[in-house]
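The next block holds one structure in the form of structure tokens; read it before the comments.
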Amino acid sequence: MALVDKRAVDVSAPNLMSICIDENENHEKQGRFYHRYSVEPMLFTDLNSLLIEADRLMDKIDYPQASMRSRNFFDTQENRKEKGAERVKTADEILNESGKKATFVVNVQYRQNATWQGKVLWAEAGRSCNFRSALELLKLIDGALDEEEAGAQG
């Protein structure tokens, strides 16, 4: 169980997420993604699928609101209509999840300039950092896992 200092995260954030990394083979991260709107975790086999699902979640709950509407090849009114979700997990339940390799608690505060800005907490190290883009978030996660593996090897 990851020990998360609740003062280090915004437990009231509707989009509070826990990213549990279970495998990191050849820099391919696999694991589970927890949020307030599903009892079951979303499993991911790479960080790309994680980002896509997290972005879909934020679109569904409309938080934080995107400053730009995402475009796709099949964008129609029907595709944009589905909004809303019911909370089924508490912040404590999300914060009590942990990964075999590492756990990251993420709070996306803004979605501006077609990317994310927010705060990530590396639970095992108790360190947090602000990120200015989804790419920077991925680099922070990757760097933490590299540091974790280097520490485990010697």
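The values are calculated or read from the model by the stated rules, or taken from the named source; none is laboratory data. Here the structure is a predicted model, which is why all the values come from computation and not from measurement. Every residue, glycine as well, gets a Cβ built from its backbone with ideal geometry; the counts of neighbours run over all protein chains shown. Areas reflect the complete protein model, heavy atoms only, side chains present, ligands, DNA and RNA absent. Shrake-Rupley method; radii C 1.70, N 1.55, O 1.52, S 1.80 Å.
Values for this structure:
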{"read-out": "Residue-level accessible surface for ASP55, protein heavy atoms, 1.4 Å, Å²", "value": "40"}
{"read-out": "Gain upon complete extension [ALA85, TYR110; 0.36 nm per residue less C-alpha separation]", "value": "7.1 nm"}
{"read-out": "Average silhouette area of region 100-139, convex hull of alpha-carbon atoms, in square nanometres", "value": "2.8"}
{"read-out": "Cα pair count fraction exceeding 14 Å, expressed as % - region 85-154", "value": "64"}
{"read-out": "Nearest-ten-degree value, helix 47-61 long axis tilted from longest Cα axis of the chain", "value": "50"}
{"read-out": "Solvent-accessible heavy-atom area per residue, rounded to whole Å², over region 23-154 at 1.4 Å", "value": "62"}
{"read-out": "Cα-Cα over 20 Å, subset of LYS29/LYS139; LYS60/LYS101; LYS60/LYS139; LYS6/LYS29; LYS60/LYS100; LYS101/LYS139", "value": "LYS60/LYS101; LYS60/LYS139; LYS6/LYS29; LYS60/LYS100"}
{"read-out": "Qualifying chymotrypsin sites (Phe, Trp or Tyr not before Pro) for region 3-51 [loop in DSSP, other Cβ within 10 Å: at most 13]", "value": "none"}
{"read-out": "Mean Cα-pair separation over length for the chain, i.e. relative contact order, pairs under 8 Å, 6 or more apart, %", "value": "28"}
{"read-out": "Dimensions (Å) - region 5-154, Cα atoms, principal axes, largest first", "value": "55, 32, 26"}
{"read-out": "Ranking by accessible area, most exposed first, for MET42, MET68 with a 1.4 Å probe", "value": "MET68, MET42"}
{"read-out": "LYS100, LYS29, reordered so the largest accessible area comes first (probe 1.4 Å)", "value": "LYS100, LYS29"}
{"read-out": "Where LYS139, LYS6, LYS89 fall by accessible area, highest first, once all protein chains stay in place (1.4 Å)", "value": "LYS139, LYS6, LYS89"}
{"read-out": "Sites PHE74 and ASN96, calculated FRET efficiency, Cβ-Cβ separation with R0 25 Å, nearest 0.05", "value": "0.05"}
{"read-out": "Carbon plus sulfur fraction of accessible area for the chain, probe 1.4 Å, in percent", "value": "48"}
